[in-house]
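Worksheet: the structure to be examined is printed underneath.
The values are calculated or read from the model by the stated rules, or taken from the named source; none is laboratory data. Keep in mind that this is a model prediction, so the values were computed, not measured. Cβ placement follows ideal geometry from the backbone for every residue including glycine, while neighbour counts extend to all protein chains displayed.
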Amino acid sequence: MPGFTPGTAGSEQAIDQNVGPLVVSVEKPGSRRIAIGRWGESLAAGFLESLGYQILERNFRTPYGEIDLIASYGQLTDRTIVFVEVKTRRSKSFGQPEDSIGPRKRTHLLEAAAYYIQQSPDTTSAWRVDVIAIEQSVRGGAPNITHFENVFS
């Protein structure tokens, strides 16, 4: 994936969450893109929860940009805060979802994560940034979800 070297490539699978199919009514410019993004974020949250993550925040806004999901993973004494960027695509026409994270987005993600840590004094020092790439199935089947862990290590 350009812009970062993946740490441990996590899980890649097609998953059927209780989010339902993507249904978009286009009323305003950009509403389709926003609906696809929200659908992907809901799938990603359910996917992480199924792996034992606890979702702490959704669409957390900072002066440096928005963090799609903030989750915690692990036991209370050995907890890691995970900042998650979700990339969703309906097709591969514009490349893989994870390919859209370049140097500028990387900088914004790291600054936003640092901001969250500074604003949360009870947060542990262990944290990482993950990327979840979601590709919508062309034929209406389950979407393909790929989880890249610790992408900026």
- Task: Tally the residues that are surrounded by fewer than 17 Cβ atoms within 10 Å (Cβ to Cβ) and closer than 26 Å to ALA35 by Cβ, restricting the search to region 113-147.
- Result: 7
- Contact list, first residue from region 139-153 and more than 14 Å from ARG106 (Cα to Cα), second anywhere and of a type in the set (S, T, N, Q) and crowded, with 20+ Cβ neighbours inside 10 Å, beta-carbon distance below 6 Å, six or more apart or interchain, is PRO143/GLN136
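What's the total number of residues in region 40-64 that are under 17 Å from SER120 (Cα atoms) and not charged (D, E, K, R)?
We begin by selecting, within region 40-64, every residue under 17 Å from SER120 (Cα atoms); these are 54-64.
Checking which are not charged (D, E, K, R) leaves us with 54-56, 59-60, 62-64.
Of the residues in region 40-64, 8 are under 17 Å from SER120 (Cα atoms) and not charged (D, E, K, R).
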- Message: Based on this model, can you work out whether ALA133 counts as of a type in the set (Gly, Ala, Ser), out of contact with any Pro (no Cβ under 7 Å at 6 or more places or on another chain) and touching a residue at least 12 places away in the same chain (Cβ under 8 Å)?
- Response: no
- Considering only region 125-147, state which residues are in contact with a Phe, Trp or Tyr (Cβ under 8 Å, 6 or more places away or on another chain) and not acidic (Asp, Glu). TRP127, ARG128, VAL129, VAL131, ILE132, ALA133, ILE145, HIS147
- Query: Can you pull out the strands (runs of 3 or more DSSP E) entirely within region 1-99 that have at least 2 residues that are at pLDDT 90 or above?
  - Reply: 54-62, 65-73, 80-89
